[in-house]
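A.B. asks: One structure coming up, written as structure tokens, with questions to follow.
The values are calculated or read from the model by the stated rules, or taken from the named source; none is laboratory data. Nothing here was measured: the structure is a model prediction, and the numbers come from that model. Counting neighbours? That spans all protein chains shown, and the Cβs are built from the backbone with ideal geometry, glycine included. Each accessible area value is taken on the protein alone, full model and side chains, heavy atoms only, with ligands, DNA and RNA left out. Shrake-Rupley method; radii C 1.70, N 1.55, O 1.52, S 1.80 Å.
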Amino acid sequence: GDVAGHGVGPALLMASARATVRMAAAMYADPGAVVSAVNSRVAEDVYGTGRFLTLFYLEIDAAAKHLRWVRAGHDPALVVGSSQGEIAELAGGGPPLGVVEGFRYVASSSPWPAGGVVFIGTDGIWETRGADDTMFGKRRLLDILHGTADKPADRILEAVAQALRTFAQGRPRQDDITMAAIRFP
């Protein structure tokens, strides 16, 4: 997830939302119901204030080799196939949490990407600015994912982190950067 804004208020909102996600996940089997419940709680706190948070909720069923996910205003996760580095998105969607009271999110699903990687990140990655004030952009990220499609998940994350450091050339970050990569057998 990613909260709009910086500082103590957004940090507290994220901590509260994280706790609510964990509670709702224990109560509901359907990812859509989990995210809908979280939205209800978040909206109680922030509706009409201009505050919101985006969320990509992914459930991995290892026994069935199946993925289910919900996008709440967050960029799609990227699925990198290992054979030729093709990239697809885990699409679907709904508004960010806290924006539309009572919104009912619906889960999307697919078989897991055997031999592939799922990459999830926040906009701080592609919005990282270089010395000339240009943004890192999604194209650079996609190029890195193509080039590391056959690598272990930790090596993919390190390649992205290194590319961001090199691109920024010591310029201070303007946004947080959070990313995860999951390799599927």
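A.B. asks: Please identify the pairs in which a residue from segment 166-185 that is open to solvent by 50 Å² or more (accessible area, probe 1.4 Å) has its Cβ atom under 7 Å from the Cβ atom of a residue that is among the hydroxyl-bearing types (Ser, Thr, Tyr) and part of a loop (DSSP other than H, G, I, E, B), counting only partners at least 6 apart or on another chain.
C.D. replies: Arg173/Thr128; Asp176/Thr122; Thr178/Thr122
A.B. asks: Next up: Anything in segment 104-120 that is in a loop (DSSP other than H, G, I, E, B) and surrounded by fewer than 18 Cβ atoms within 10 Å (Cβ to Cβ)? List them, or say none.
C.D. replies: Arg104, Val106, Ala114, Gly115
A.B. asks: Just checking, which of Asp132, Asp123, Asp143, Asp154 is within 20 Å of Leu58 (Cα to Cα), open to solvent by 80 Å² or more (accessible area, probe 1.4 Å) and out of contact with any Phe, Trp or Tyr (no Cβ under 9 Å at 6 or more places or on another chain)?
C.D. replies: Only one candidate qualifies: Asp154.
A.B. asks: What is the number of the single condition among (1) without any contact (Cβ under 8 Å) to a residue 40 or more places away in the chain; (2) under 16 Å from the mean Cα position of the chain (by Cα); (3) assigned to a loop (DSSP other than H, G, I, E, B) that Gly48 does not meet?
C.D. replies: If we test Gly48 against (1) without any contact (Cβ under 8 Å) to a residue 40 or more places away in the chain; (2) under 16 Å from the mean Cα position of the chain (by Cα); (3) assigned to a loop (DSSP other than H, G, I, E, B), just (2) comes out false.
A.B. asks: Run down Ala15, Ala43, Ala26 and say which single residue is hydrophobic (A, V, I, L, M, F, W, C), at pLDDT 95 or above, farther than 26 Å from Lys138 by Cβ and surrounded by fewer than 19 Cβ atoms within 10 Å (Cβ to Cβ).
C.D. replies: Ala26
A.B. asks: For Leu97, state whether it is open to solvent by less than 20 Å² (accessible area, probe 1.4 Å), in contact with a Pro (Cβ under 6 Å, 6 or more places away or on another chain) and modelled with pLDDT of 90 or more.
C.D. replies: no
A.B. asks: Okay, moving on. What tally of residues in segment 53-95 results from selecting those that are farther than 21 Å from Asp150 by Cα, assigned to a loop (DSSP other than H, G, I, E, B) and touching a residue at least 60 places away in the same chain (Cβ under 8 Å)?
C.D. replies: Looking only at that region, the number is 1.
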